[in-house]
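So the structure is just underneath, and the comments pick up after that.
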Amino acid sequence: MQIKVNGVQHTFNGDPEMPLLWYLRDELGLTGTKFGCGIALCGACTVHQNGEAVRSCVVVMRAVAGAEITTIEGLAANGGLHPVQQAWMRVNVPQCGYCQPGQIMEAAALLNNQKKPTDQQIDEAMAGNICRCGTYQRIRAAIKMAAEGPV
């Protein structure tokens, strides 16, 4: 099957039931996407499938045949930073940092669909992404900053 990851076409001939997360990490070496819970509850493994946020730990390879996948490594163009990544740095969101790739990918998907989200929309969209360090207020502030335009 064919799959495009971060703009690069790949051929996958392995087990169609393999989780996308393992393909990204183990076969493509894209380790920015993290393993957390393995059951789609924590959000650490969030990537974009055709522009929508999905949990790569439970999405199997047969479900992404022909899809375009974007990981944290491919979020920004030309080696720069995505506006969400810029805002994350300005607000100093991360503490331990483990959940941050998934948080950023979820936030970027939110802003692709909702240009000026309200606090409630941000909270609803981000509710499935767990941060054990509790940086939720800074996450919301960074999303609002990114929504305002260039950081």
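The values are calculated or read from the model by the stated rules, or taken from the named source; none is laboratory data. Remember, predicted model here, so these are calculated numbers, not experimental data. Here Cβ is always computed from backbone atoms with ideal geometry, including for glycine, and neighbour counts include all displayed protein chains.
Of C57, C96, which residue is of a type outside the set (D, E), outside any helix (DSSP H, G or I) and at pLDDT 95 or above?
Details: C96 fails: at pLDDT 95 or above.
Only one candidate qualifies: C57.
Screening T118 on (1) free of Cβ contacts under 8 Å to residues at least 24 places away in the same chain; (2) within 14 Å of T46 (Cα to Cα); (3) polar (S, T, N, Q) shows it passes everything except condition (2). The residue that is farthest from A40 (Cα to Cα), counting only those in region 121-140 that are polar (S, T, N, Q) and in a helix (DSSP H, G or I), is Q137.
Would you point out which residue out of A108, A44, A63 is at pLDDT 95 or above and assigned by TED's automatic domain parsing to the domain that holds I122?
Numbers: A44 fails: assigned by TED's automatic domain parsing to the domain that holds I122; A63 fails: assigned by TED's automatic domain parsing to the domain that holds I122.
Going through A108, A44, A63 in turn, just one is at pLDDT 95 or above and assigned by TED's automatic domain parsing to the domain that holds I122: A108.
Considering only residues of region 50-79 that are of a type in the set (S, T, N, Q) and crowded, with 19+ Cβ neighbours inside 10 Å, which is nearest to the chain's Cα centre (by Cα)?
Looking only at region 50-79, we keep the residues that are of a type in the set (S, T, N, Q), and these are 50, 56, 70-71, 78.
After this cut, where a residue has to be crowded, with 19+ Cβ neighbours inside 10 Å as well, the list is 56, 70-71.
Working: S56: 9, T70: 8, T71: 6 Å.
Ranking the candidates gives T71 first.
A Cβ distance below 8 Å, combined with a sequence gap of six or more or placement on separate chains, defines the contacts here; from region 15-39, residues that are not assigned by TED's automatic domain parsing to the domain that holds I130 and surrounded by fewer than 19 Cβ atoms within 10 Å (Cβ to Cβ) reach residues that are of a type in the set (G, A, S) and outside any helix (DSSP H, G or I) in the pairs E27/G14; F35/A44; C37/A44. The residue list G102, G43, G66 contains one member that is part of a helix (DSSP H, G or I) and either hydroxyl-bearing (S, T, Y) or under 17 Å from L24 (Cα atoms) (or both), which is G102.
Could you tell me whether any residue of region 1-21 is at pLDDT 95 or above, closer than 26 Å to M126 by Cβ and hydroxyl-bearing (S, T, Y)? Within region 1-21 (the criterion being at pLDDT 95 or above, closer than 26 Å to M126 by Cβ and hydroxyl-bearing (S, T, Y)), the answer is no, since none of the residues qualifies.
Just one of the numbered conditions (1) hydrophobic (A, V, I, L, M, F, W, C); (2) more than 20 Å from N113 (Cα to Cα); (3) surrounded by fewer than 21 Cβ atoms within 10 Å (Cβ to Cβ) is not true of C42: (3).
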